[in-house]
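Quick note: the coordinates plus some simple rules give every number you see, no bench work behind them. All of these numbers come straight from a predicted model, not from anything done at the bench. Note that we place each Cβ from the backbone using ideal geometry, even for glycine, and neighbour counts take in every protein chain shown.
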Amino acid sequence: MKKKPEADSHSKLLSSPNESAQKSPSRRAFLKGFGAAAAALPLGVLTDKARQAGVDKALPPLNIKARRGQAFRNRVTAASVDHKFPTGKQIANGDETLYPNGIANYTKGFAHDSFGEVNPTVYAAYQAATRSGSRADFDALVMGGLTPLTDPQAGLAFDLEAIDVSQSVLPPFATLTSPNLAAQTVENYWEALCRDVPVSQYATNSLTVAAAAELTSLPAFMGPRIGGAVTAQTLFRINVFNNLIGPYVSQFFLQPFNYGAIPFRGYLTDLPIANGGSDYMTDVASWLNVQNGAPSPIQSEHPDPTLRYIRSGRDLAAYVHIDVLFQEYLNAALMLSAMKAPLNAGNPYSGTNLPSKSETGFVTFGLPMVEVLVAEVMARALKHAWFQKWFVHRMARPEETGGLVHFRLTGAKTAAQYPLDPSLLNSQAVAQVFTDNGTYLLPISYPEGSPQHPSYPSGHATAAGAAVTVLKWFFDEDFVIPNPIIATDDGSGVIAYTGSDAGQLTVGGELNKLATNVGMGRNFAGIHWRQDAEQSLLLGEAVAISLLQDQKHLYSEAFTGFTFTKFDGTTITI
């Protein structure tokens with residue numbers, strides 16, 4: 001698959017899956033200036049051309065006393081570049097105004113009535129706290145249980161790297177009445193029903209076949225299609241560059257590696273329902289208890305005693321339930337090192353960029369650098385996610401919307417009260433959930449349900465977008481993964497992947513797949529939406545690009561630029 005042409009300074013991030021017509025001008029301008037920033041050299045560093053000309057022979061001795069001023073100027077230069085990015089207009093979808101009882105927005109943790117609705121006065125106080133940003137106003141909120149809100153103040157924190165949180169913009173989320181939200185909800189119900197289906201059986205299992213057929217029938221469904229249809233190859237995937245090639249699970253969840261002297265042998269997972277596992281919040285009492293913020297266990301109640309390789313949606317959901325947030329990207333770096341993957345051609349120690357005969361990278365442009373950088377970048381990206389979550393969108397979690405579906409279909413609420421699109425109410429997936437559980441509530445794979453913060457954007461997916469961008473910047477994304485593998489259907493081991501596209505599994509494609517696996521793993525759990533995952537990857541990517549642009553001013557090594565491919569298939573050079 002050919003890459004799209006290199007992005008210019010006016011490149012746009014992907015448009016909202018809610019309404020393509022609502023493209024924000026500030027969003028279009030979000031990456032403006034990256035090209036100019038990429039052209040800037042570190043202060044005091046000669047170009048390779050100058051070195052070749054022998055100019056460096058005339059350099060004065062190293063002046064340690066001058067470094068304090070030089071460090072200051074470098075930081076000011078990076079901050080000045082960041083300051084040039086516009087502060088975009090933050091636009092929510094307007095549902096908070098239409099539904100003052102908060103039925104379209106995040107209310108988990110406050111006191112709810114028997115239908116899961118909060119008192120409008122409580123919701124108004126919550127909105128006032130998000131407008132002021134004051135910790136005192138948040139602390140004054142009356143909670144329904146003992147579970148506190150998760151760190152709203154993180155969204156207001158400043159940083160010394162990358163653009164400010166106010167400069168990132170996400171499209172409005174799909175509205176409560178829209179066919180788009182209905183399609184996303186139908187997908188969530190199918191993901192719950194298909195959690196235990198091995199991904200290798202998507203083409204033949206009756207549940208996944210039915211899921212693909214119903215999603216194909218929904219014009220508003222924005223997931224990838226082949227020939228206009230959702231297929232076994234596109235089901236529960238995200239439409240980013242090279243993500244439809246090869247098996248569902250990324251090679252970076254499966255390839256061998258070691259943590260020093262500790263070898264990788266598989267993951268902790270949850271038992272499938274057929275083997276004694278369970279889903280949660282499928283009855284009104286337990287669902288309402290969780291919405292009110294009652295303490296709940298945050299670990300699986302039915303762990304699998306055997307380590308497994310990831311082979312199903314439940315396995316992905318279990319992984320992203322307890323992962324150390326940066327670990328999958330550190331793992332990927334270690335895997336790439338183990339398979340001797342080449343570095344990006346722009347790396348000054350890569351062998352293609354006038355390499356030194358006596359030096360190699362380590363702290364700068366070596367493996368330790370990228371091992372640390374995947375965590376460093378996501379610390380910045382998560383602040384951007386938390387700003388959007390608490391201070392712009394406050395989007396409801398899928399489990400909350402599942403309550404609306406239940407009370408509407410049982411007749412407890414009317415169409416005027418809960419104006420959901422008919423495609424959701426008539427869904428085959430929703431009907432099957434009722435057959436299985438006796439309610440229309442969305443089955444969740446975590447006993448505590450979602451975390452105690454709004455849904456949009458996804459923290460995990462934002463972190464994934466940021467960390468994967470760093471890895472694509474560091475390694476040669478066109479390197480083909482040697483000896484690709486897949487998990488066995490029981491996850492007890494791995495076998496060779498021998499599909500006709502086995503030779504097309506590149507570092508870049510499998511890193512993109514790793515990021516989408518993480519995002520959709522949270523969706524398989526029932527705690528996020530498709531739009532959360534899609535837009536969060538782009539948000540994380542943008543923050544990573546900004547951070548890498550800032551760091552370009554700091555290195556002693558001269559380099560001509562690192563080129564890599566973004567999620568939309570365009571290339572960028574830093």
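Structure data summary
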{"quantity": "Segment residue 495-residue 285, length gained on full extension (0.36 nm per residue, minus Cα span)", "calculated": "71.2 nm"}
{"quantity": "Anisotropy class of the range 424-574 from Cα gyration tensor, a/c 1.5 cut", "calculated": "oblate"}
{"quantity": "Cut-off under 5 Å, modelled amide H: who pairs with residue 395 long-range", "calculated": "106, 455, 456"}
{"quantity": "Dipole magnitude of the chain, debye to nearest 20 (Cβ charges: Lys/Arg +1, Asp/Glu -1, about Cα centre)", "calculated": "1980"}
{"quantity": "Cα-centred dipole magnitude for the range 356-493, charges only on beta-carbon of K, R (+1) and D, E (-1), debye, nearest 20", "calculated": "680"}
{"quantity": "Residue-span extension gain [residue 89 to residue 166] - 0.36 nm each, minus C-alpha spacing", "calculated": "26.8 nm"}
{"quantity": "Test item: Cα-centred dipole of the range 298-353, Lys/Arg +1 and Asp/Glu -1 on Cβ, debye", "calculated": "240"}
{"quantity": "Estimated 222 nm signal from helices in the chain, with DSSP H stretches of n ≥ 4 weighted -39500 (n - 2.57), rounded to 500", "calculated": "-11500 deg cm²/dmol"}
{"quantity": "Residue 80-residue 131 FRET efficiency (beta carbon distance; Förster radius 30 Å; 0.05 resolution)", "calculated": "0.45"}
{"quantity": "Gained length - residue 359 relative to residue 151, 0.36 nm times residue gap less alpha-carbon distance", "calculated": "70.5 nm"}
{"quantity": "For residue 235, distant residues with modelled amide H under 5 Å away", "calculated": "none"}
{"quantity": "Peptide ranges 469-475, 558-564 listed from the most packed, as the mean C-beta count within 10 angstrom indicates", "calculated": "469-475, 558-564"}
{"quantity": "Entries of 340/513; 389/513; 108/413; 389/566; 89/472 with Cα pairs more than 27 Å apart", "calculated": "89/472"}
{"quantity": "Packing-based ranking, highest mean first, of 164-172, 94-102 given that Cβ atoms within 10 Å are counted", "calculated": "164-172, 94-102"}
{"quantity": "Entry for P(r) over Cα pairs in 20 Å bins from 0, in percent (calculated from the structure that is shown) out of (1) 18, 50, 25, 6, 1, 0; (2) 21, 53, 23, 3, 0; (3) 19, 43, 28, 10, 0", "calculated": "(2)"}
{"quantity": "Value of relative contact order over the chain, rounded to a whole percent, pairs C-alpha under 8 Å and six or more apart", "calculated": "25"}
{"quantity": "Centroid-to-centroid separation of the range 296-313 and the range 359-414 [C-alpha atoms, Å]", "calculated": "22"}
{"quantity": "Förster-model FRET efficiency, 56 Å R0, residue 98 and residue 261, C-beta, rounded to 0.05", "calculated": "0.45"}
{"quantity": "Sequence-distant residues sharing a close amide H with residue 267 (under 5 Å, placed H)", "calculated": "308, 309"}
{"quantity": "Relative contact order computed over the range 461-574 (Cα-Cα under 8 Å; 6+ residues apart), in percent", "calculated": "37"}
{"quantity": "Furthest towards positive pole of dipole, 405, 434, 348, structure part the range 328-448, Cβ charges", "calculated": "348"}
{"quantity": "Derived scalar couplings ³J(HN,Hα) [the range 310-316; Karplus, 6.51 cos²θ - 1.76 cosθ + 1.60; whole Hz; x for Gly, Pro]", "calculated": "5, 9, 8, x, 5, 5, 4"}
